[in-house]
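Accompanying notes for the structure given below.
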Amino acid sequence: MIYKKDANFPYPILTNTSSSYKNSNFILDVQLQENVHHYRFDIDYEIDSEFINQLIEKGNAELFLIIQSKDNKFYRLDNKMKYIEVPKTRISLSNRSSIQLHIQAKVDVEFKNNNDLNDFYNEFKEEIIVPENSLLGFSNVVLFEGSSTKPLDLFEKKLNPHLSSDIKIELGSETIIIHYKNEESQFNTLPMNNTLNNPYIYMGLQKALQRFISNQPDEDDSVDIEQMEPPNDLLDLKLYNLMKKKMIQELSMDTIDEVIYAISDRIIEKYVAAVKGLSSNGS
């Protein structure tokens, strides 16, 4: 379970609001990345108690990452782990997911040498023995409001009956703009009309990523996303952040389609399913 408020324990416990420890900081920071198959949780934490840190280093205590979402999961962490990867088939993140780090005793823990405790415990800390498998501390709660950057947030739709073509893809200062000559091309009267527009989304991403490559100085047809500096162009910056979130390491003219597959959450697969659904309803 995740503790969102102070809870009563029969022994001192380390939390960010605890008065049991002189320095009670237990701060967790988590960054979420994802690709088609995995979520990746990049973990950074800070524990001020030297006593607790030594327990973890000696293997007398262990860390658990608790993820509370549509379903609740916990993951045992090695004290040197900086991230965990979880298959999307194993976990479902909701629009509001909570994450917390717990410290659990692996053995009976004596507090007689715990010099990090508040002076209040000096007279009787030798009597404090925390049983094996008991909670020793819990961090702040990290909240995720929905998934990471979504590709559709990059797009605008505009109607222009004076177009000389049915569709025009324009790369704006911050967005990819899809111009439609006819409103019928947007499938507004059909169910799942947004999904039926996915081929246009694909075309827009292709054009934007091609320009992304050409905008990078000293690059031919390949860009190292991991090593490059964040671009100044606002649309390129959005694409860069999206690729970083989706753990794309390299973009090239040859891999644009693979990159679109990774960052777009199966837009062609969803388009095919929508068309099949229309065919089934029609028959």
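The values are calculated or read from the model by the stated rules, or taken from the named source; none is laboratory data. Remember, it's a predicted structure, so these values are computed and weren't measured experimentally. Cβ coordinates were reconstructed from backbone atoms using ideal geometry, including for glycine residues, and neighbour counts include every protein chain displayed.
Key figures for this structure:
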quantity	calculated
Filter result for the condition that a residue is assigned to a loop (DSSP other than H, G, I, E, B) and either touching a helix residue (DSSP H, G or I) at 6+ places or on another chain (Cβ under 6 Å) or in contact (Cβ under 8 Å) with a residue 24 or more places away in the chain (or both), over 86, 107	107
Failed item in (1) of a type in the set (Phe, Trp, Tyr); (2) free of Cβ contacts under 8 Å to residues at least 24 places away in the same chain; (3) surrounded by 15 or more Cβ atoms within 10 Å (Cβ to Cβ), with residue 124 passing the rest	(3)
The lone exception for residue 206 - which of (1) in contact (Cβ under 8 Å) with a residue 40 or more places away in the chain; (2) more than 30 Å from residue 42 (Cα to Cα) it fails	(2)
Output for the stretch 202-227, where each listed residue is outside any helix (DSSP H, G or I) and buried (at least 16 other Cβ atoms within 10 Å of the Cβ)	216, 223, 225
Filtered residue count, the stretch 208-227, keeping only those that are under 24 Å from the mean Cα position of the chain (by Cα) and under 13 Å from residue 252 (Cβ atoms)	5
Residues of the stretch 250-267 satisfying the condition of being modelled with pLDDT of 90 or more and either under 19 Å from residue 34 (Cα atoms) or surrounded by 15 or more Cβ atoms within 10 Å (Cβ to Cβ) (or both)	250, 251, 252, 255, 256, 257, 258, 259, 260, 261
Selection count where residues are more than 19 Å from residue 103 (Cβ to Cβ) and basic (Lys, Arg), scope the stretch 51-91	3
Strands (runs of 3 or more DSSP E) lying entirely in the stretch 1-78 (those with 2 or more residues that are more than 23 Å from residue 124 (Cβ to Cβ), touching a residue at least 60 places away in the same chain (Cβ under 8 Å) and not β-branched (Val, Ile, Thr))	26-34, 38-47
Lone qualifier among 251, 235, 205 - being farther than 30 Å from residue 161 by Cβ, within 24 Å of the chain's Cα centre (by Cα) and not basic (Lys, Arg)	251
Failed item, numbered, when residue 91 is tested on (1) assigned to a loop (DSSP other than H, G, I, E, B); (2) farther than 24 Å from residue 35 by Cβ	(2)
Filter result for residue 237 (of a type outside the set (Asp, Glu) and over 29 Å from residue 274 (Cβ atoms))	yes
The stretch 190-201, residues that are over 17 Å from residue 166 (Cβ atoms) and assigned to a helix (DSSP H, G or I)	194, 195
